[in-house]
Amino acid sequence: VALDYLSRRNAAQPFCMFLSWNPPHPPYDLLPEEYDALYRGKKMPYRQNVPQTMREDAQFNRNRERYFAAIAGLDVQFGRLMEYPTEQNLWEDTIVVLSADHGDCMGSHGLYGKNVWYEESIRIPLVIGGAEIVPHTADCLLASPDHAPTLLGLLGAEVPSCMEGVDLSAAVRGESVQNAPEAAFLC
């Protein structure tokens with residue numbers, strides 16, 4: 001559907017597309033066989049904080065295989081989408097963001113899911129690429145509320161004063177940042 005939208009868009013007009021995938025969310029058994037087969041029965045290392053009882057649990061291990069298979073499928077599909085800006089010569093004026101809203105403990109600390117303040121749950125990927133963005137790792141904290149102001153900053157657009165978050169577009173461009181948050185949440 002996303003590639004269909006891109007192929008039918010008015011090429012003379014700017015576009016914005018937001019795409020949200022369900023995988024790797026539960027239920028873990030709803031994925032194509034081609035991806036499921038990639039990890040079925042494969043021995044993969046565990047994080048040190050996964051209890052032995054979970055390591056020996058067949059259902060946990062099957063869900064874990066499917067979790068990694070879902071991520072592999074997501075990688076393939078995202079790769080297909082990334083071919084489009086290359087094929088259409090759009091990288092000079094296109095920004096692409098890959099992020100997530102949460103991680104998954106997947107056995108760490110004896111837990112499944114996301115609703116805990118462990119690194120596995122709250123540390124999420126954020127990759128921004130496009131024109132004038134040199135590949136690098138920024139060393140500042142960029143939280144979900146910062147996404148919109150940062151994207152507006154990259155576009156050279158005004159950030160509304162009512163918008164939460166901080167424009168960290170300088171960090172995305174590899175420049176030093178003076179206003180980077182020091183904490184995501186203060187209690």
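The values are calculated or read from the model by the stated rules, or taken from the named source; none is laboratory data. Computed from a predicted structure; not experimentally measured. To get the accessible areas, we keep the full protein, side chains included, count just its heavy atoms, and leave off ligands, DNA and RNA. Shrake-Rupley method; radii C 1.70, N 1.55, O 1.52, S 1.80 Å.
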What list of ³J(HN,Hα) couplings, whole Hz, do you get for segment 160-171 from phi and the Karplus terms 6.51, -1.76, 1.60, once you set θ to phi - 60° and write x for glycine and proline?
x, 5, 7, 7, 6, x, 10, 6, 10, 4, 4, 5
Accessible area of residue 144, 1.4 Å probe, to the nearest 10 Å²?
70 Å²
Reported label for calculated percent of Cα pairs over 23 Å apart given (1) 55; (2) 43; (3) 37
(1)
For residue 76 and residue 147, calculate 0.36 nm times their separation in residues minus their Cα-Cα distance, and state this gained length in nm to one decimal.
23.1 nm
GNM flexibility winner over the chain from 125, 85, 45 (Cα, springs under 10 Å):
45
Note, segment 105-113: 3J(HN,Hα) by Karplus (6.51, -1.76, 1.60, θ = phi - 60°), whole Hz, Gly/Pro = x, goes 5, 6, x, 4, 6, x, 10, 9, x
Rounded to the nearest Å, the spacing of the alpha-carbon centers of segment 84-161 and segment 1-25 is 17 Å
